[in-house]
Amino acid sequence: MNNPIGIIDSGVGGLSIASGFIKKFPLESFIYLADSTNCPYGEKSPEEIYKLTKIMVDYLLKRDIKLLVIACNTITVTCIDKLRKDYPSLLIVGIVPVIKTAVEQTKNKKIGIFSTSVTANSRYQNDLIEKYAKSCSVLNLGSSTLVSLIEKLDFEAIDGVLEKELIPFRDFNIDTLALGCSHFPLIKEKIQKYLPNVLILDSSQAVSNQVERILKHNNLVSTSANSGYNFHTTGNLKTMEYFVNKLTIKAKIERISPPANA
């Protein structure tokens, strides 16, 4: 089946997930939509997040996607249950921080989770902490500024924020950090600079494995050559071009009107 896999995010963070998909699924086609005009979603109400997300989902459904990947932790923790209820025939995969893996990898039983403020404070994420991290001491922190700075490619400001916001993780003496925002792997090397001895984990491998299981279970695995990768953004084309080049992805990149008007 050659219908594309759809990927959505509030911005370019989903590129960190798409990059892993392209390597793991060379025969699959992908269409990715970044709603960078309305980014960050992490400071919006659940109702507004759902409204914007629904617009993106409807946009991709018109392009005959066979599966939807929500490459955004904020959308996942606020909307995924409602999306599955409202789109019962659509296969939907969410993204969550790899808390279980962090617990398995830690040596000193002290782990950190770094995400947006909304994700850090969500019941969804805290339920995962209670489920998987009972044996560890956990520092769960959210940033309210990093996503916007990443979208603006403001690397000087990003360094300033990281230098300040990562201090509690160092003081807590974590040895493992789970990234709970898909934007953050795009600046992983900067995070590593401030946490040089910490193992940093992201969700890309876990999501790829989940997508693989669903494709096989539903007999949706493509068996012929992919028809390419189409990446759309409602915001600054320069930002998407920068990270696509950094991740060495060969894709057709296009700026579109907000999906409601497309």
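For Glu156, all conditions in the list (1) without any contact (Cβ under 8 Å) to a residue 12 or more places away in the chain; (2) in contact with an Asp or Glu (Cβ under 7 Å, 6 or more places away or on another chain) hold save one; what is the number of the exception?
Checking Glu156 against (1) without any contact (Cβ under 8 Å) to a residue 12 or more places away in the chain; (2) in contact with an Asp or Glu (Cβ under 7 Å, 6 or more places away or on another chain), the one that fails is (2).
Of the residues Ile167, Ile174, Ile187, only one is β-branched (Val, Ile, Thr), more than 19 Å from Val77 (Cα to Cα) and free of Cβ contacts under 8 Å to residues at least 24 places away in the same chain; which?
Ile167
With respect to Ile7, is the statement that it is surrounded by 22 or more Cβ atoms within 10 Å (Cβ to Cβ) and over 30 Å from Asn173 (Cα atoms) true?
yes
Of everything in region 227-246, what is of a type in the set (Ser, Thr, Tyr) and under 9 Å from Val12 (Cβ atoms)? Give them in sequence order. Step through it out loud before you land on a result.
Of the residues in region 227-246, the ones of a type in the set (Ser, Thr, Tyr) are 227, 229, 233-234, 239, 242.
Within region 227-246, Thr233, Thr239, Tyr242 qualify.
Please go through (1) in contact with a strand residue (DSSP E or B) (Cβ under 7 Å, 6 or more places away or on another chain); (2) touching a residue at least 40 places away in the same chain (Cβ under 8 Å); (3) closer than 25 Å to Tyr229 by Cβ; (4) not charged (D, E, K, R) for Pro26 and return the number of the only condition it doesn't satisfy.
Pro26 satisfies every listed condition except (1).
Which one of the conditions (1) at pLDDT below 95; (2) within 18 Å of Ser204 (Cβ to Cβ) does Ile5 fail to meet, given that it meets all the rest?
Failed condition: (1).
Mind listing just one residue for me: the one in region 205-262 that is within 23 Å of Leu27 (Cβ to Cβ) and among the aromatic types (Phe, Trp, Tyr) and, of those, farthest from the chain's Cα centre (by Cα)?
The selected residue is Tyr229.
Please indicate, with yes or no, whether at least one residue in region 10-30 is of a type in the set (A, V, I, L, M, F, W, C), within 20 Å of Tyr124 (Cα to Cα) and part of a strand (DSSP E or B). Steps first, answer last, please.
As a first pass, look at region 10-30 and keep what is of a type in the set (A, V, I, L, M, F, W, C): 12, 15, 17-18, 21-22, 25, 27, 30.
Restricting the remaining residues to those that are within 20 Å of Tyr124 (Cα to Cα) gives none.
No, region 10-30 contains no residue that is of a type in the set (A, V, I, L, M, F, W, C), within 20 Å of Tyr124 (Cα to Cα) and part of a strand (DSSP E or B).
Could you say which residue among Leu61, Leu128, Leu139, Leu67 is surrounded by 16 or more Cβ atoms within 10 Å (Cβ to Cβ) and not assigned by TED's automatic domain parsing to the domain that holds Lys188? Break it down into steps so the answer makes sense when it comes.
Values: Leu61 fails: surrounded by 16 or more Cβ atoms within 10 Å (Cβ to Cβ); Leu128 fails: not assigned by TED's automatic domain parsing to the domain that holds Lys188; Leu139 fails: not assigned by TED's automatic domain parsing to the domain that holds Lys188.
None of the other options fit; the residue is Leu67.
List the strands (runs of 3 or more DSSP E) inside region 105-223, counting only whole elements, that have at least 3 residues being out of contact with any strand residue (DSSP E or B) (no Cβ under 7 Å at 6 or more places or on another chain) and at pLDDT below 95.
Values: elements: 110-116, 137-143, 176-179, 199-201.
Of the strands (runs of 3 or more DSSP E) lying wholly inside region 105-223, none has at least 3 residues that are out of contact with any strand residue (DSSP E or B) (no Cβ under 7 Å at 6 or more places or on another chain) and at pLDDT below 95.
Checking Val93 against (1) touching a helix residue (DSSP H, G or I) at 6+ places or on another chain (Cβ under 7 Å); (2) at pLDDT 95 or above; (3) crowded, with 24+ Cβ neighbours inside 10 Å, which single condition isn't satisfied?
Against the list (1) touching a helix residue (DSSP H, G or I) at 6+ places or on another chain (Cβ under 7 Å); (2) at pLDDT 95 or above; (3) crowded, with 24+ Cβ neighbours inside 10 Å, Val93 comes up short only on (3).
When only residues in region 70-90 that are among the β-branched types (Val, Ile, Thr) and in a helix (DSSP H, G or I) count, which is surrounded by the fewest Cβ atoms within 10 Å (Cβ to Cβ)? Working first, answer last.
If we filter region 70-90 for residues that are among the β-branched types (Val, Ile, Thr), which is where we start, we get 70, 74-78, 80.
Narrowing the set further to residues that are in a helix (DSSP H, G or I) leaves 74-78, 80.
Details: Thr74: 30, Ile75: 28, Thr76: 26, Val77: 30, Thr78: 25, Ile80: 18.
Looking at the filtered set, the residue picked out is Ile80.
Only residues that are out of contact with any Cys (no Cβ under 7 Å at 6 or more places or on another chain), closer than 25 Å to Leu52 by Cα and not in a strand (DSSP E or B): list them for region 227-247, please.
Within region 227-247, Thr234, Asn236, Leu237, Lys238, Thr239, Met240, Glu241, Tyr242, Phe243, Val244 qualify.
Could you identify the single residue in Asn173, Asn209, Asn197 that is in the same structural domain as Thr74 (by TED's automatic domain parsing) and surrounded by fewer than 21 Cβ atoms within 10 Å (Cβ to Cβ)? Break it down into steps so the answer makes sense when it comes.
On the way: Asn173 fails: in the same structural domain as Thr74 (by TED's automatic domain parsing); Asn197 fails: in the same structural domain as Thr74 (by TED's automatic domain parsing).
After ruling out the rest, the residue left standing is Asn209.
Looking at Cys72, Cys39, Cys79, which is the one that is over 25 Å from Lys152 (Cα atoms) and under 15 Å from the mean Cα position of the chain (by Cα)? Let's see the steps before the verdict.
Working: Cys72 fails: over 25 Å from Lys152 (Cα atoms); Cys39 fails: over 25 Å from Lys152 (Cα atoms).
Exactly one residue qualifies, and that residue is Cys79.
Taking Lys216 and the conditions (1) under 30 Å from Tyr124 (Cβ atoms); (2) buried (at least 18 other Cβ atoms within 10 Å of the Cβ), which numbered condition does it fall short on, given that it satisfies the others?
(2)
The values are calculated or read from the model by the stated rules, or taken from the named source; none is laboratory data. Given the structure is predicted, the values throughout are model-derived calculations rather than measurements. No Cβ is skipped: glycine too gets one built from the backbone with ideal geometry, and neighbour counts run over all protein chains shown.
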